[in-house]
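The values are calculated or read from the model by the stated rules, or taken from the named source; none is laboratory data. Just so it is clear, the model here is predicted, and its values are computed rather than measured. Every residue, glycine among them, receives a Cβ derived from its backbone with ideal geometry; neighbour counts consider all protein chains shown. Side chains are part of the model used for accessible areas, which takes the heavy atoms of the whole protein and leaves out ligands, DNA and RNA. Shrake-Rupley method; radii C 1.70, N 1.55, O 1.52, S 1.80 Å.
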Amino acid sequence: MGHQRDPRSPEQLREAGHAAVDWLADLLGRIDELPITAHVEPGAVRAALPDHPPEQPESFAQVLEDLDGIIVPGLTHWQHPGWFAFFPGNSSPPSVLGELLSAGLGVQGMSWATSPAATELESLVLDWLVELLGLPRTWRVDTGPGGGVILGTASEATHTSLVVAREQARARDAPTDDLVVYASVEAHSSVQKGARVAGFHHVRLLATTPDGGLDPAALAAAIAVDRAQGLVPTALVSCVGTTGRGALDPLDQLVPIARSEGLWHHVDAAWAGTMWICPELRHHTEVLGSVDSWVTNPHKYLFTNVDCTAFWVADRRPLLDAMSITPSYLRNETTDRDDVIDYRDWHVGLGRRFRSLKLWLVLRMFGAEQMRTILREHVRLARDLADRIEQHAGLELMGPSHWPLVCFRAVAGDDRTRAIAAAVNASESLAVTVAEDVDGHPYVRVSIGQANTGQADVDRLWAAITAA
Ligand code: PLP
């Protein structure tokens with residue numbers, strides 16, 4: 001198949017491309033028959049492949065053979081409907097098609113001038129998301145001082161946001177060594193990493209209230225202590241939907257503190273933020289107009305395969321001040337125009353893929369209503385599972401959740417909790433995560449959100465839990 005063809009030829013793409021789509025569609029059609037997690041020893045996949053790159057062209061058929069025989073057995077299947085581990089990492093046919101078109105077009109959207117449609121589609125799709133997620137209108141690039149950009153990961157967005165916070169503080173002559181970042185002890189590790197990479201020496205991970213939200217009193221107290229020591233409170237990262245147990249920081253109480261203390265306020269809504277397409281799953285929208293930046297991951301729970309992070313700033317000026325440098329070879333008649341976006345000025349990287357295509361295809365080919373229906377069904381399934389756990393004498397539910405994440409432990413203790421998770425994961429068709437609370441006690445974390453997960457999958461999960 002295509003062995004003799006020039007790999008640059010469109011005909012090669014046509015022939016092998018049809019075979020690739022058939023192969024993928026077949027695989028996805030039987031994904032629930034595959035073991036959900038990979039059972040390979042470290043190094044086994046590599047050892048099964050040649051040590052040296054080929055001198056002569058190989059056919060696509062040979063590549064498919066290796067995919068079937070070596071690569072797929074070494075994969076963990078996030079698209080399996082029994083996927084309840086971590087968070088969802090959904091792909092979908094529209095997203096796959098968007099990736100394919102983006103790769104095939106192969107454009108570089110670093111500036112408006114290097115591919116105007118890539119820039120304008122990205123800004124439009126992010127403005128659509130502002131509307132769909134109920135975010136402040138002023139974050140739309142067409143109407144407000146703010147605007148959105150697609151990045152690779154939420155971690156990059158948080159890092160970028162902290163760089164802007166640092167630059168703002170430095171513009172006020174604060175020494176970098178004295179700047180302090182605040183977040184809760186349940187914040188994602190990307191906050192610490194982003195702060196470290198941005199050059200912050202002080203990161204305070206503060207206590208939460210019993211529901212897992214950052215305790216506003218702890219924030220106020222920490223700021224007072226730091227000021228008394230001559231340090232400079234600089235940034236707050238709040239979380240909407242923590243990784244561990246889906247907790248919600250009390251933005252309504254944190255926003256006034258951040259405002260009065262002059263903190264840059266970034267909100268990490270990596271997972272839960274996508275669910276804001278359902279109005280009943282939004283929280284504290286009334287104070288959002290007073291935060292500085294916000295991130296969510298369509299690559300978690302909006303049917304768009306990794307990587308696709310949506311990052312907004314309430315005012316794009318400070319971001320551009322921190323990120324834009326225009327060497328002469330990038331200067332052209334549009335670079336200095338205010339009405340033209342050059343996305344290379346919105347992040348660290350220069351070159352950029354046409355990532356908005358896949359999000360555009362997802363939004364168009366699903367339509368908002370269908371996405372809401374799927375998410376609402378997952379919320380219903382999560383409540384149903386939580387009810388069953390609550391009524392089971394041997395299990396203890398860890399608090400209600402705003403979103404479809406159910407956390408529980410065994411009444412009999414830590415060993416039994418771990419044994420339940422191990423038994424579920426041994427089933428080969430279900431995957432859950434064991435996490436630990438701040439005191440080191442394990443709990444089972446069930447994230448319902450794989451695009452094709454339905455009642456039958458949750459029933460299978462429940463049967464495996466109770467059998468254990
Ligand atoms: N923030 C939260 C709350 C998360 O749950 C995660 C990942 O699960 C991240 C950030 C990191 O996301 P990314 O992998 O896009 O950097």
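Label the stretch 3-73 by shape, choosing from rounded, prolate and oblate, from the square roots a ≥ b ≥ c of the eigenvalues of the Cα gyration tensor; if a/c is under 1.5 it is rounded, and otherwise prolate applies when a/b is larger than b/c, oblate when it is not. Could the numbers behind the result be given before it?
On the way: a/c = 4.01, a/b = 1.28, b/c = 3.14.
Oblate, since a/c reaches 1.5 and b/c is not below a/b.
How big is the chain on each of its three principal axes, counting only the C-alpha atoms and giving the largest first in Å?
Per principal axis, max minus min of the Cα coordinates gives 69, 68, 45 Å.
Give me the percent of accessible area attributable to carbon and sulfur for the chain, probe 1.4 angstrom.
Using a 1.4 Å probe with all protein chains present, the chain comes out at 54 percent carbon and sulfur.
Evaluate the distance, in nm, between pseudo-label points positioned 7 Å from the Cα of ALA19 and of ASP66 along their respective Cα→Cβ axes.
Each label point lies 7 Å from its Cα, and together they span 1.4 nm.
If I take every Cα pair under 8 Å that is 6 or more residues apart in the stretch 368-467, average their sequence separation and divide by the length, what percent do I get for the relative contact order?
Value for the stretch 368-467: 27 percent.
Can you give the net charge of the other residues whose Cβ lies under 11 Å from the Cβ of SER401, counting K and R as +1 and D and E as -1?
Neighbour charge sum, excluding SER401 itself: +2.
Show me 39-49, 367-377 ranked by packing, highest mean number of other Cβ atoms within 10 Å first. Present the calculation step by step, with values, prior to reporting the outcome.
On the way: 39-49: 10.7, 367-377: 15.0.
Put in order of decreasing packing, that is 367-377, 39-49.
Any idea of the accessible area per residue across the stretch 50-133, 1.4 Å probe, to the nearest Å²?
Working: 4140 Å² over 84 residues.
Averaged over the residues of the stretch 50-133, the accessible area is 49 Å².
GLU428 accessible area, nearest 10 Å², 1.4 Å probe?
70
How much length would be gained if the chain were fully extended between LEU350 and ALA113, taking 0.36 nm per residue of separation minus their Cα-Cα distance, in nm to one decimal?
Roughly 84.0 nm would be gained on extension.
Averaging sequence separations of C-alpha pairs under 8 Å and six or more residues apart, then dividing by the length of the stretch 1-157, give the relative contact order as a whole percent.
Relative contact order here is 15 percent.
Using a cut-off of 15 Å between beta-carbons, work out the net charge of the residues near ASP307 (Lys and Arg +1, Asp and Glu -1, ASP307 not included).
+2
I'd like to check one number: the per residue accessible area of the stretch 368-467, probe 1.4 Å, reported in Å² as a whole number.
45
Rounded, prolate or oblate: which fits the stretch 46-119 when a ≥ b ≥ c are the square roots of the eigenvalues of the alpha-carbon gyration tensor, with rounded for a/c under 1.5 and prolate only if a/b beats b/c?
oblate
Add -39500 (n - 2.57) for each DSSP H run of 4 or more in the chain, then divide by its residues: what number comes out at 222 nm, to the nearest 500 deg cm²/dmol? Don't skip to the answer; put the middle values down first.
Values: 15 runs with 186 residues, N = 468.
Mean residue ellipticity at 222 nm (helix-derived): -12500 deg cm²/dmol.
What does the C-alpha gyration tensor say about the overall shape of the stretch 368-467? Classify as rounded when a/c is under 1.5, otherwise prolate if a/b is larger than b/c, or oblate.
Prolate shape, in that a/c is at least 1.5 and a/b is the bigger ratio.
Given the whole protein assembly as supplied and a 1.4 Å probe, what does the accessible area of ARG317 come to in Å², nearest 10?
My reading of the accessible area for ARG317 is about 120 Å².
Using the heavy atoms of the protein chains and a 1.4 angstrom probe, tell me the accessible area per residue for the stretch 190-324 in square angstrom.
Counting only protein heavy atoms, the per-residue value for the stretch 190-324 is 33 Å².
Taking a probe of 1.4 angstrom, what is the accessible area of HIS441 in Å², to the nearest 10?
Spelled out: HIS441, probe radius 1.4 Å, area about 80 Å².
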